[in-house]
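Read through the structure below, which is laid out as structure tokens, and then see the notes.
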Amino acid sequence: MDRQRVALLGSTGSIGVQTLDIVRENSSLFEVTTLTAHRNWQLLASQAIEFGVDSVVIADERYYNELSDALAAYPIKVYAGDEAVAQVAAGDNVDVVVNALVGYAGLLPTVAAIKKSKKIALANKETLVVAGEVVMKLAEQYRAPILPIDSEHSAIFQCLVGERSPLRRLIITCSGGSLRDLPIEALKDVTPEQALKHPQWSMGAKITIDSSTLVNKGFEVIEAAWLFGLNADKISVIQHPQSIVHSMVEFEDGSIKAQLGTPDMHMPISYALMFPQRAVRNEHFSFAQNPTLTFAEVDRVKYPALDIAYNCLRAGGTAACTMNGANEVAVAAFLGHKCGYLDIVRSIEYALDKAQFVKSPTLEDYAAADCESRRLACEYLKINE
């Protein structure tokens, strides 16, 4: 059997590095042809040499010369810029695109790959948060399968395989993030260093902050709605601090299927790459070592971002795109010590209140909404992006 040719977008981030672990373990099944990164040209060069790729892209054009010099002795094409990321995702030497990019930057490469009928292994939830309606229609039109990498959506997908009966609801689990045990009164003084200490998951900085505000969970609700064709009322969120039950599906007969496992992204990555097969991995879960699984309702007062995301899902149009753009600006500002923790959600609320709303947007409308939301967040925070 021919090896699947993989374009890995965002190879130097947490999901990208773990994807390459899966490729190393299954070198007879996968061949990496393309790698991209935002600005970590040193690691990108090292990965490119190890996997003997055809091409690399550094999205931040300032680092093109360093990357080009590092790979001068190798027959590897070097490109730079966001447009180049989309172009390589649609390349003829690619069968499957693993989109591990962060934020809005993941949208256009996904669209480019879909239009070439590539298989999409999607970790970039913002693709569907921002433009789910357009993206899912394109995926159907071009018969491009989208397989989720997010642990929650992978869990739901696994629970639904082989099912033909109608479901009652999806139950997305939520760890509560790094600040779950902190009283609401203390949130105003939270530092980036505090918020980055997730008790279960090892993730990139932005998604760790998004996890702490539950913006990430809200985005997962929106992503699930588009992936599985459900409205907001059929998706619920439950807090589960142990992060062992990754999500559940309740059927109309009252039965519930759940997918369990350790908090490790290698499994959902390998499942997306190898579906309908499963990888053989040296991973063993011990119930004896994890004897207690607890669940609780989410505190919607402490975590207002969850209801904001539900409202954006119900509104449709450019609402979720506006939420995402404002959040990206505010999280970057918080990580850069330019605003307080509570300003993240306040920036989102400000942008949603002020932004123009388009009910039936095109890709161009989404781009305009993204720009406007970033400007409004900067306006609220009194910063330059």
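Residue 285 satisfies every condition listed in (1) in contact with a strand residue (DSSP E or B) (Cβ under 8 Å, 6 or more places away or on another chain); (2) surrounded by fewer than 14 Cβ atoms within 10 Å (Cβ to Cβ); (3) at pLDDT 95 or above except (3).
Within the option set 312, 339, 321, being on the phi < 0 side of the Ramachandran plot, in a loop (DSSP other than H, G, I, E, B) and modelled with pLDDT of 95 or more holds for one residue only, 339.
Do we have residue 97 as closer than 15 Å to residue 5 by Cβ and not polar (S, T, N, Q) here? Taking the combined requirement at face value, the residue satisfies it. Does residue 206 satisfy being basic (Lys, Arg), closer than 24 Å to residue 308 by Cα, part of a helix (DSSP H, G or I) and over 19 Å from the mean Cα position of the chain (by Cα)? Taking the combined requirement at face value, the residue does not satisfy it.
Applying the criterion of at least 1 residues that are over 21 Å from residue 177 (Cα atoms) and among the hydrophobic types (A, V, I, L, M, F, W, C) to the strands (runs of 3 or more DSSP E) found wholly in region 230-296 leaves 245-251, 256-260. Taken over region 49-69, residues that are part of a helix (DSSP H, G or I) and farther than 14 Å from residue 37 by Cα amount to 5. Scanning region 274-302 for residues that are of a type in the set (Asp, Glu) and over 21 Å from residue 175 (Cα atoms) gives a single hit, 283. Among residues of region 77-90 that are without any contact (Cβ under 8 Å) to a residue 24 or more places away in the chain, those with a Cβ under 6 angstrom from a residue that is in a helix (DSSP H, G or I) and not β-branched (Val, Ile, Thr), sequence gap 6+ or separate chain, pair up as 78/67; 78/68; 80/61; 80/64. In region 255-284, the residue that is nearest to residue 4 (Cα to Cα) out of those that are more than 23 Å from the chain's Cα centre (by Cα) and in contact (Cβ under 8 Å) with a residue 40 or more places away in the chain is 281. Here residue 69 does not fit the description of being touching a His at 6+ places or on another chain (Cβ under 9 Å), more than 24 Å from residue 117 (Cα to Cα) and surrounded by fewer than 18 Cβ atoms within 10 Å (Cβ to Cβ).
Condition check ((1) within 17 Å of residue 124 (Cα to Cα); (2) surrounded by fewer than 23 Cβ atoms within 10 Å (Cβ to Cβ); (3) under 19 Å from the mean Cα position of the chain (by Cα)) across all residues:
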position: 11; (1), (2), (3): yes, no, yes
position: 15; (1), (2), (3): yes, no, yes
position: 25; (1), (2), (3): no, yes, no
position: 41; (1), (2), (3): no, no, no
position: 44; (1), (2), (3): no, no, no
position: 48; (1), (2), (3): no, no, no
position: 76; (1), (2), (3): no, yes, no
position: 90; (1), (2), (3): yes, yes, no
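Annotation note: of 254, 177, 261, the sole residue that is more than 30 Å from residue 333 (Cβ to Cβ), of a type outside the set (A, V, I, L, M) and in contact with a His (Cβ under 7 Å, 6 or more places away or on another chain) is 261. Among the residues of region 1-35, the ones that are free of Cβ contacts under 8 Å to residues at least 60 places away in the same chain, closer than 21 Å to residue 108 by Cβ and assigned to a strand (DSSP E or B) come to 1 in all.
The set of residues from region 92-110 being under 14 Å from residue 127 (Cα atoms), in contact with a strand residue (DSSP E or B) (Cβ under 8 Å, 6 or more places away or on another chain) and not in a strand (DSSP E or B) comprises 100, 101, 106, 109, 110. Might you check whether a residue that is among the charged types (D, E, K, R) and surrounded by fewer than 15 Cβ atoms within 10 Å (Cβ to Cβ) occurs anywhere in region 350-363? Yes. Taken together, the residues in region 136-181 that are in contact with a helix residue (DSSP H, G or I) (Cβ under 6 Å, 6 or more places away or on another chain) and within 13 Å of residue 275 (Cα to Cα) amount to 5.
Matching residues to (1) among the acidic types (Asp, Glu); (2) under 15 Å from the mean Cα position of the chain (by Cα); (3) buried (at least 17 other Cβ atoms within 10 Å of the Cβ); (4) over 23 Å from residue 342 (Cα atoms):
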{"site": "156", "(1), (2), (3), (4)": "no, no, yes, yes"}
{"site": "167", "(1), (2), (3), (4)": "no, no, yes, yes"}
{"site": "176", "(1), (2), (3), (4)": "no, no, yes, no"}
{"site": "188", "(1), (2), (3), (4)": "no, no, no, no"}
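Remark: pairs (first residue in region 352-371, at pLDDT 95 or above and part of a loop (DSSP other than H, G, I, E, B); second residue small (Gly, Ala, Ser) and loosely packed, with under 12 Cβ neighbours inside 10 Å; Cβ separation under 7 Å; 6+ apart in sequence or on different chains) are absent. Checking the structure you have, find out if any residue of region 178-193 is within 30 Å of residue 162 (Cα to Cα), modelled with pLDDT of 95 or more and not small (Gly, Ala, Ser). No, region 178-193 has no match at all. Scanning region 366-378 for residues that are surrounded by fewer than 21 Cβ atoms within 10 Å (Cβ to Cβ) and closer than 15 Å to residue 111 by Cα yields a single hit, 367. Taken over region 143-199, the criterion of being charged (D, E, K, R) and closer than 28 Å to residue 225 by Cβ is satisfied by 143, 150, 152, 163, 164, 168, 169, 180.
The values are calculated or read from the model by the stated rules, or taken from the named source; none is laboratory data. What you see is a predicted model; the values in this text were computed from it and never measured. All Cβ positions, glycine included, derive from the backbone under ideal geometry; neighbour counts span all protein chains shown.
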